[in-house]
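Let me begin by presenting the structure, written as structure tokens, before commenting on it.
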Amino acid sequence: MQILREITENKGLAIALGYFDGIHLGHKKILTTLSQQAKAEGLKTAVVTFETNPANYFNQKKTPDIQNFKDKELIIQSLGIDYLYELDFGLYKDLTAHEYLKNVLVKYLEPKIIVVGYNHTFGKDREGNPTFLKDYETNYNYKCITVPEYKYKDKEEVSSTIIRKRIQYGHLNAIKAFLGRYFSIRNSVIKGDKIARTLGYPTANIVWPESMAKLPYGVYFGFVQIDAQMHPALISWGNKPTLTKGDQEILEAHIYEFDENIYGKIIKVIFVKKLRDQENFGNIRVLITQLQKDYKAFEKWARIMK
């Protein structure tokens, strides 16, 4: 898959429009529809998206992402898309829907097929929508396909907004059901205070990306992906109230049967199951006793998952 940061002439494609935050099951339905329609007509495929959530240009409060762009790129690539356009929304935010359609999409891509979700909007004042695209089919010689609302097991609405709420409340099973995979974050390993190592549980520490939606503080079972390898991990996410003033968030992952130097390496931390909430144990002796209990439960789980 070729990733492009600006629109260049690449005519005769089948394209899908949207921000696709999280690439949840509804988004996957849009992208598989794109691939199927393109294959039937012998066309190359492209996803046209933006590098920043358009909502962040208009809302005072930033909308947290469900995944970072690297994971978004990998998932889109895995779905067989040929081109991914990650555009600077600031360059297009003042265009009307018709200006964006005519002077950007049609001018450079001359799409033969445009696939969108049922609730997709674009253009100044969000005046562009599936009906708008349908109205211009004849003018610009494309076919617009609108993918209807996707419901999990035909009952529950699946949307990025709902998934963010699920993340906020730590509903890991629901998040997995709606995404089709476990929730994860990705960042580079930093040097920590090494207190966990002195307690017998060395950890890989990362900062939770500021742009990402956050799970509740707590201790989790999960995995750490290092390159292509998956390792069971006991994950602590929070502000370490027993050991610090609680003014700095950090994610610490104790990787099962692993003691390599990975400082500076980008890892992916995957959350599978919550063990307990974060607690302030008052002193380090009580904390150590709890860590031993945590590790005993984790080790049993890790041996099964290894």
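Readers should treat all values here as calculations from the given coordinates under stated rules, not as data from a laboratory. Since the model is a prediction, treat every value here as computed from it, not as a measurement. Here Cβ is always computed from backbone atoms with ideal geometry, including for glycine, and neighbour counts include all displayed protein chains.
Each residue, S78 and N239, gets one label point 7 Å from its Cα in the Cβ direction; the gap between the two is 3.5 nm.
Residues K306, K44 in ascending order of nearby Cβ atoms (within 10 Å, fewest first): K306, K44. Straight-distance candidates among the aspartates and glutamates for linking to K306, with alpha-carbon spacing under 12 Å and chain neighbours fewer than 8 residues away dropped: E257.
Note on K293 and L4: the model spin-label points, each 7 Å out from Cα along the C-beta direction, lie 5.8 nm apart.
Remark on region 119-218: ratio of C-alpha radius of gyration to 2.2 N^0.38 Å is 1.67. Listed here are the pairs K107/K176; K214/K300; K72/K151; K151/K293; K29/K191; which of them are more than 32 Å apart at the Cα? The pairs that break the limit, which is 32 Å between Cα atoms, are K107/K176; K151/K293; K29/K191. Kirkwood radius for region 182-305, taken over all pairs of different Cα atoms as the inverse mean of 1/r, rounds to 14.5 Å.
Ignoring chymotrypsin sites (Phe, Trp or Tyr not before Pro) that are buried or in helix or strand per DSSP, and keeping those with at most 12 other beta carbon atoms within 10 Å, what is the longest stretch of the chain between them? No qualifying site falls inside 59-262, the longest such stretch.
Amide H contacts for D65 (H built 1.01 Å from N in the peptide plane; partners 5 or more residues away or on another chain; cut-off under 5 Å): M212, A213. Checking every one of the trypsin sites (Lys or Arg not before Pro) in region 77-154 against DSSP loop status and a limit of 15 other Cβ atoms within 10 Å picks out K93, K153. Projecting the Cα atoms of P148, Y220, G180 onto the charge dipole of region 113-252, computed from C-beta unit charges around the Cα centre, puts Y220 farthest toward the positive end. For region 2-157, a simple Cβ point-charge model (Lys and Arg +1, Asp and Glu -1, everything else neutral) yields a dipole of about 260 debye relative to the Cα centre. For region 1-110, applying the loop criterion from DSSP together with a ceiling of 10 other beta carbons within 10 Å to the GluC sites (Glu not before Pro) yields E6, E9.
May I ask you to derive the FRET efficiency for R181 and F258 from their Cβ-Cβ distance with R0 = 25 Å, giving the value to the nearest 0.05? Efficiency, rounded to the nearest 0.05: 0.65. Put in line by how crowded their Cβ is, counting other Cβ atoms within 10 Å and starting with the fewest, S160, S188, S35 read S188, S35, S160.
Assuming charge only on the beta carbon of Lys and Arg (+1) and of Asp and Glu (-1), the dipole of region 182-305 about its Cα centre is about 220 debye to the nearest 20.
If a spin label sat at a point 7 angstrom from the Cα of N283 along the line to its beta carbon, the backbone N atoms of region 220-257 nearer than 19 Å would be those of 241-245. Restricting the GluC sites (Glu not before Pro) of region 203-306 to loop positions (DSSP other than H, G, I, E, B) with no more than 14 neighbouring Cβ atoms within 10 Å leaves E210, E249, E257, E260.
Counting neighbouring beta carbons within 10 Å and listing from fewest to most, the residues L179, L275 come out as L275, L179.
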